[in-house]
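Structure, as structure tokens:
The values are calculated or read from the model by the stated rules, or taken from the named source; none is laboratory data. Nothing here was measured: the structure is a model prediction, and the numbers come from that model. Backbone-built Cβ (ideal geometry, glycine too); neighbour counts: all protein chains shown.
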Amino acid sequence: MAEYGIPLPPEYDSEYNVFLHHYDGVRADITADISALDLCSAAGGDRFAWLAVGRTKSRDTLLDKLRDGKQLDSIRDVAGVRIVANCTLTQQDAIVEYLGNHFSATKAPIDRRANPASGYRAVHLEVRYDGTPVEIQVRTRLQHIWAEIYEGLGDKWGRGIRYDKDPEDPDPNVAKERTELVRLLRSISTQHIAGVEALIDRQANKYLPNREARRKEAKFGRKLIKLEVDLENMLHNWATGFEVRELKHVPSEGEWGRQ
């Protein structure tokens, strides 16, 4: 077997397969454990749709990181679980806190909502499962749809855009156009999606003293829902217009509870 045209010594290839096999097993086990949890109750009791999907980093992605100078034992997300939920920001926080306690996390979560990475927003939690490090990503529905589109563009225009680099192209006019589009997509995440999510979260957590206040808030809430739907439709138009890969693992509005 060869990676990037470089043959791997048989003994290294064998050890590498054992390494990935171990992480595949850990990924499958922790994904099953998380899927059996009641995250809706943990997040306050309101029912919302959610999915837990595991993945193990591919050989090529691992080799990319090693070529960038990272040591294998410093890569903490070889095994990972992604949770996508139709939830508010407060519920997202509650899910992260619950999982951190459930798996006895010893490190603070990484909040990419407060400090987006190239526009990427989510909360990451590192835990140990049977002694093996696993990264758990918790995303809202809009955070996930945006990330799927951005990662799809990275596959087409260069993975460097995931690390704050601009897309490259032999034609400088094409490169400039793509750079402007990537920056626009980042701003959609950090400004528009972030702003709508913050408004929805604030509205969901407001104290409403009487029926009249509840009526006014319900009217405002319907407007926020429309904004959220408009944002999602815009993102789907991006996916169609730029022919990025099919969006996966997006829980629908009609789904409820544990998936």
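Look at residue 138 and say whether it is modelled with pLDDT under 95, crowded, with 16+ Cβ neighbours inside 10 Å and under 17 Å from the mean Cα position of the chain (by Cα). Criteria not met by residue 138.
Screening residue 162 with (1) at pLDDT below 95; (2) under 17 Å from residue 80 (Cβ atoms); (3) not assigned by TED's automatic domain parsing to the domain that holds residue 198 gives one miss only, at (3).
All of 161, 188, 193 fail the test of being of a type in the set (A, V, I, L, M), within 18 Å of residue 117 (Cβ to Cβ) and touching a Ser or Thr at 6+ places or on another chain (Cβ under 7 Å), apart from 161.
Whenever a residue of the stretch 224-245 is buried (at least 17 other Cβ atoms within 10 Å of the Cβ), its partners that are outside any loop (DSSP other than H, G, I, E, B) and among the small types (Gly, Ala, Ser), lying with C-beta atoms within less than 8 angstrom and at least six residues away or across chains, give the pairs 239/152; 244/152. Tell me whether the stretch 161-177 contains one or more residues that are loosely packed, with under 15 Cβ neighbours inside 10 Å and touching a residue at least 24 places away in the same chain (Cβ under 8 Å). The answer is yes, given that some residue of the stretch 161-177 is loosely packed, with under 15 Cβ neighbours inside 10 Å and touching a residue at least 24 places away in the same chain (Cβ under 8 Å). Would a scan of the stretch 186-197 turn up a residue that is outside the structural domain of residue 25 (by TED's automatic domain parsing), aliphatic (A, V, I, L, M), at pLDDT 95 or above and touching a Leu at 6+ places or on another chain (Cβ under 7 Å)? The answer is yes, given that some residue of the stretch 186-197 is outside the structural domain of residue 25 (by TED's automatic domain parsing), aliphatic (A, V, I, L, M), at pLDDT 95 or above and touching a Leu at 6+ places or on another chain (Cβ under 7 Å). The sole residue among 120, 129, 98 that is of a type outside the set (Lys, Arg), assigned by TED's automatic domain parsing to the domain that holds residue 85, under 19 Å from residue 53 (Cα atoms) and under 11 Å from the mean Cα position of the chain (by Cα) is 120.
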